[in-house]
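Visitor: Here it is, the structure, as structure tokens.
The values are calculated or read from the model by the stated rules, or taken from the named source; none is laboratory data. Here the structure is a predicted model, which is why all the values come from computation and not from measurement. Backbone-built Cβ (ideal geometry, glycine too); neighbour counts: all protein chains shown. Note: areas computed on protein heavy atoms with side chains; ligands, DNA, RNA excluded. Shrake-Rupley method; radii C 1.70, N 1.55, O 1.52, S 1.80 Å.
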Amino acid sequence: QVQLVESGGGLVQPGGSLRLSCIASATTGYIYELKWYRQAPGKQRDFVAGINSDVTTTYADSVRGRFTISRDRTENTWYLDMNNLAPEDTGVYYCKMDPGAYWGQGTQVTVSA
């Protein structure tokens, strides 16, 4: 069983930045993938960014160039650096680890003036 805990959310003005963290109790094996998703009120949960165990990264078109996913393998911690935030980035951000489909509890990000 893997437990994921997100943190770092909050209220930020448009154009601002936040760093989200996802701490895992373990990885699901030598080969795994960690992804960030977000869910706006009344909408489905959407993919934001992902990183493989070989450090290959992928991004949704809406965040590419503004968000960066990274990891600190020694600490089993993954980060999502979010820059130039816009109101449409508002939502609950979740991290997910595969294989196993382990989800964290989410952290709220609100972008508003």
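Visitor: What does the accessible area of residue 32 come to, in Å² to the nearest 10, when a probe of 1.4 Å is used?
Guide: The accessible area of residue 32 comes to roughly 20 Å².
Visitor: Nearest 5 is fine: what % of DSSP beta bridges in the chain come out antiparallel, could you say?
Guide: Bridges in the chain that DSSP calls antiparallel: roughly 90 percent.
Visitor: Where is the GNM fluctuation largest for the chain (alpha-carbon springs, 10 angstrom cutoff): 21, 70, 53?
Guide: Of 21, 70, 53, the most mobile in the Gaussian network model is 53.
Visitor: How high is the FRET efficiency between residue 31 and residue 110 when r is their beta carbon distance and R₀ equals 30 Å, given to the nearest 0.05?
Guide: Result of the calculation: an efficiency of 0.30.
Visitor: Right, next: Give the whole-number value, in cubic angstrom per residue, of the convex hull volume spanned by the C-alpha atoms of region 1-67. Can you show the working numbers first?
Guide: On the way: hull volume 8.0 nm³, N = 67.
For region 1-67, the hull spanned by Cα atoms encloses 119 Å³ per residue.
Visitor: Treating each Cα of region 10-113 as an identical point scatterer and ignoring solvent, apply the Debye formula and state log10 I(q)/I(0) at q = 0.10, 0.14, 0.20 Å⁻¹.
Guide: Scattering profile of region 10-113, log10 relative to I(0): -0.25, -0.50, -1.00.
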